[in-house]
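Remarks on the structure that follows.
Each reported figure results from applying straightforward, stated rules to the coordinates on display, with no laboratory input. If you're wondering where the values come from, they're calculated on a predicted model, not measured in any experiment. For neighbour counting, all protein chains shown are included, and Cβ atoms are generated from backbone atoms with ideal geometry for every residue, glycine included.
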Amino acid sequence: MTLADQPKAELHLHLEGSIEPETLLELKPALALSAIEERYRYEDFEGFIESYKWVIGHLKAPEDYALITRRLLERLACENVRYAEITLSAGVMVLRRQDFAAIYEAVRGEAEASPVRVRWVLDAIRQEGAGHAMEIAELAAERAGQGVVAFGIGGNEARGPVEWFEEVFRFARSRGLRLTIHAGETVGPESVWGALRLGAERIGHGIRAVEDPALLAHLREHDIPLEICVSSNLATGAVASLREHPLRRIYEAGVPVVLGSDDPAMFHTTLEREYELAAREFGFTEEELRGLIENSFRYAFSAGEP
């Protein structure tokens, strides 16, 4: 069975970052494809954020979100992704005063019509503070059991330290939500330690954990996976080159690893390509790749068996 034929799960995937230039053109025919493609080029994390803001600025109505969900799920089905936990930037929607309830029903409807089994993670913007995050956690709690399985925070690690969010994560846990935090992407191991203190069950990125042997041991011993997105880390400048990426070192330290595509359209990748990179650039064997694929189901927040 080839890699393409293998049933897979995708656990680190942002809906708004999955919008291919052709899909954005479908939404906004007045745009030029060349202009859109130019926006999908950047050299660092701040450049990516500016491009991301530009892309989501074109998402207005629930129907827009329904279309991008439909196109994403079509691509995932073609990759034989059987299960996906898709992150919704609920924090962005709230800041833009969009009708989150209507948007959620639109994307949920598309998911229910897809052969891909979908669950949702609602994401707050950490630099907007604890009050903002609590509002998103409450939206997630209201939809627990209605497709939402987890709450998380993303955004600028340096401007939104995890210590702000202790009460928010305590609330989310009390309402039955699973917990994930972007950490150790652009800030050091201390950010991952902070996320663990808040109860994070999975760490988004977490690559800076490689700098702290005690942290690697803790992740291994407590079976806490890192959601590693190689193309993302390269595109945002979190790592300077593939040669410097710590994927292999983290794996060999015994830390559970799950590969993800993050914002696949904006990072010019797919989940399948991330596995191909692991094989070609980091020497992962077929047996090791099968183990990574098994991890993608094992560490799902909802039963995600193929």
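Which net charge results when you count Lys and Arg as +1 and Asp and Glu as -1 among the other residues whose beta-carbon is under 11 Å from that of Val210? Numbers along the way, then the final one.
On the way: positive: Arg208, Arg248, Arg249; negative: Glu211, Asp212, Glu244, Glu252.
Taking every Cβ under 11 Å from that of Val210, the sum is -1.
How big is the gap, in Å, between the Cα center of the range 65-89 and the Cα center of the range 223-268?
21
To check you understand DSSP bridge types, tell me what percent of the beta bridges within the chain (both residues inside) are antiparallel, rounded to 5. Don't jump to the answer; show the numbers that get you there.
Details: 0 of 32 bridges.
Once the DSSP bridges in the chain are tallied, antiparallel ones form about 0 percent.
What residue among Phe151, Phe284, Phe169 shows peak mean-square fluctuation when the chain is described by a Gaussian network model with Cα springs under 10 Å?
Phe284
Lys and Arg at +1, Asp and Glu at -1: add these up for the other residues within a Cβ distance under 11 Å of Val239 and post the number. Don't skip to the end; give the middle numbers.
Numbers: positive: Arg208, Arg243; negative: Glu185, Glu244.
For residues surrounding Val239, the net value is 0.
Spin-label point model (7 Å from Cα, Cβ direction): what's the Glu167 to Glu276 distance in nm?
Here the modelled spin labels are 4.9 nm apart.
Rank Ala253, Ala30, Ala172 by mean-square fluctuation in a GNM of the chain with C-alpha springs under 10 angstrom and give only the top-ranked residue.
Ala30
Determine which lysines satisfy two conditions relative to Lys28: a Cα distance under 21 Å, and not lying fewer than 8 residues away in the same chain.
Partners found: Lys53, Lys60.
Per residue of the chain, what 222 nm ellipticity follows from adding -39500 (n - 2.57) for every DSSP H run with n ≥ 4, rounded to the nearest 500?
-13500 deg cm²/dmol
Where does each of Ser51, Ser18, Ser302, Ser174 land when they are ranked from fewest to most other beta-carbon atoms within 10 angstrom? Walk me through the numbers before you get to the answer.
Details: Ser51 18, Ser18 23, Ser302 14, Ser174 9.
Least to most surrounded, the residues fall as Ser174, Ser302, Ser51, Ser18.
For the chain, what is the relative contact order in percent, using Cα pairs closer than 8 Å and at least 6 residues apart in sequence? Don't jump to the answer; show the numbers that get you there.
Numbers: 559 pairs, mean separation 62.7, N = 306.
Rounded, it is 20 percent for the chain.
Would you mind ranking Thr186, Thr236, Thr180, Thr285 so that the residue whose beta carbon has the fewest other beta carbons within 10 Å leads the list? Show your work: numbers first, answer last.
Values: Thr186 19, Thr236 24, Thr180 27, Thr285 10.
Fewest to most other Cβ atoms nearby, the residues stand as Thr285, Thr186, Thr236, Thr180.
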